[in-house]
Amino acid sequence: MDILKSLGHPEEIFNLFKFKMGGCRTVMPKLDYESMSESLRTCYLYLNQTSRSFAAVIQALDGELRHAVCIFYLVLRALDTVEDDMTIPLDKKVPMLNDFHTFLYQKEWCFTESQEKDRQVLADFPTISVEFRNLAQEYRDVISDICHRMGVGMAEFLEKKVGSMKEWDLYCHFVAGLVGVGLSQLFSASQLEDPEVGRDTELANSMGLFLQKTNIIRDYLEDTQVGRAFWPEEAWSQFAGRLEDLAEPEKLDLALSCLNLLVTDALRHVPDVIAYLSRLRNQSVFNFCAIPQVMAIATLSSCYNNPMLFQGVVKIRKGQAVTLMMEATSMSAVQTIISQYSQEILQKVSQTDPSRDKTLHILALIEEKSAVSQSSLPSRTHHLSPMYLSAAMLLAALSWQYLSTTAAQQW
């Protein structure tokens, strides 16, 4: 059970119960599905089926921006599904990626041959494209442009490996940085945020790169087992002859050095993340942007110097994720969270790690950028007596099954 994983973190157990019993509505209010067209309801169904991390925060966005971002996500999910499908031959896949943006205006276009888990967004693409065409022109222009640029970039990397660290940045730009750019332009087009948010593509790109690099680092084993290689060769070739060799037990020290190098590279985007978030003024947009970012730094903290990454997928606890969702609703709170996780990483830095100096430098910069007055903010660490904690655990164990059943509709 999820609650058992949070036994040593009583604040997470409290927040899990609070979230189950309605606290989730502070960040993911219930949508009025009755007022939607059938095709739009289907789009939200696909959103919930294909995204665990973004579905909630997308549905909490204000006004028409919510529908625009939902459709943007599904279009890019369909594009990404084409890229990920290893059963599509390159001579067919490359033209599909290059031309994908044109399918948005082809009422009947769909692709029913995919073997990927999210294949329904391709098989029923007409439902998504009709809702795309129902969006205001300013939203359609952004989505079509980003879809085009992403498709071309994805096609480019199908036929070459991610070699240098600069190529890693470029690949992450195509698959995620452009998402940050497109979202920022949608925020500005909705007039919920200032035009400058959409114009500053450098900060928007960093938002996407930070999330993508975190996912690539975390998914090392899953990717290598299916023949995908996203860790840059410039990094891993310093420590192994082949990328998959890092999973060999006898190479653990070298593998950890490579892992820490890549985590350090991802952390260099955090100052830009802080700068970007500090510009946002709409609460729903802030929540949408901040929650994935704090989950990413929590994930990097879990991954850093962690041997388990080469044996499976390292994930943050559900109670931890829920706590972050409920807390990351103001700039001061986000700065506190970032500071605390950067301190966690700092405590794990080895005296002998080859990237030690670079890691310490970027952590010091993050600490400087995230510095806020802590006196007025509640601590995220709660200390309870052993007797109280034991009683709370017993109550939790007895109540969890009941709450999971009666409050299921809250999820």
Could we say that V294 is under 19 Å from A235 (Cβ atoms), hydrophobic (A, V, I, L, M, F, W, C), surrounded by 15 or more Cβ atoms within 10 Å (Cβ to Cβ) and in the same structural domain as L243 (by TED's automatic domain parsing) here? no
Before we move on, is F111 crowded, with 17+ Cβ neighbours inside 10 Å and over 30 Å from Q238 (Cβ atoms)? yes
Mind checking which helices (runs of 4 or more DSSP H) fall wholly inside region 200-241 and carry at least 1 residues that are of a type in the set (K, R), within 15 Å of L267 (Cβ to Cβ) and out of contact with any His (no Cβ under 6 Å at 6 or more places or on another chain)? 201-218
Reported set for region 340-395 where residues are at pLDDT 95 or above, outside any helix (DSSP H, G or I) and either among the hydrophobic types (A, V, I, L, M, F, W, C) or not assigned by TED's automatic domain parsing to the domain that holds A290 (or both) is V349
Which ones in region 85-101 are within 27 Å of the chain's Cα centre (by Cα) and exposed (fewer than 14 other Cβ atoms within 10 Å of the Cβ)? M86, T87
Taking region 112-135 and keeping only residues that are over 16 Å from C43 (Cβ atoms) and hydrophobic (A, V, I, L, M, F, W, C), one is left with none
Identify, from the list S206, S237, the residue that is hydroxyl-bearing (S, T, Y) and without any contact (Cβ under 8 Å) to a residue 24 or more places away in the chain. S237
Return the residues of region 352-367 that are in contact (Cβ under 8 Å) with a residue 60 or more places away in the chain and surrounded by fewer than 17 Cβ atoms within 10 Å (Cβ to Cβ); say none if nothing qualifies. P354, K358, L365
Restricting the search to region 178-235, which residues are among the basic types (K, R) and farther than 20 Å from S302 by Cβ? R199, R228
Matching residues, region 145-156, being surrounded by 17 or more Cβ atoms within 10 Å (Cβ to Cβ) and over 21 Å from the mean Cα position of the chain (by Cα): H148, A155
Going by the conditions given, is E193 more than 18 Å from the chain's Cα centre (by Cα) and in contact (Cβ under 8 Å) with a residue 24 or more places away in the chain? yes
Residues in region 122-143 that are under 22 Å from G180 (Cα atoms) and surrounded by 17 or more Cβ atoms within 10 Å (Cβ to Cβ) total 9
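Yes/no matrix, rows are residues, columns are (1) of a type in the set (D, E, K, R); (2) surrounded by fewer than 21 Cβ atoms within 10 Å (Cβ to Cβ); (3) farther than 25 Å from W231 by Cβ:
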| site | (1), (2), (3) |
| --- | --- |
| C289 | no, no, yes |
| T323 | no, no, yes |
| M326 | no, yes, yes |
| A333 | no, yes, yes |
| S342 | no, no, no |
| S350 | no, yes, no |
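The values are calculated or read from the model by the stated rules, or taken from the named source; none is laboratory data. Everything numeric here is computed off the predicted structure, so don't read it as measured data. We place every Cβ from the backbone using ideal geometry, glycine too, and count neighbours over all the protein chains shown.
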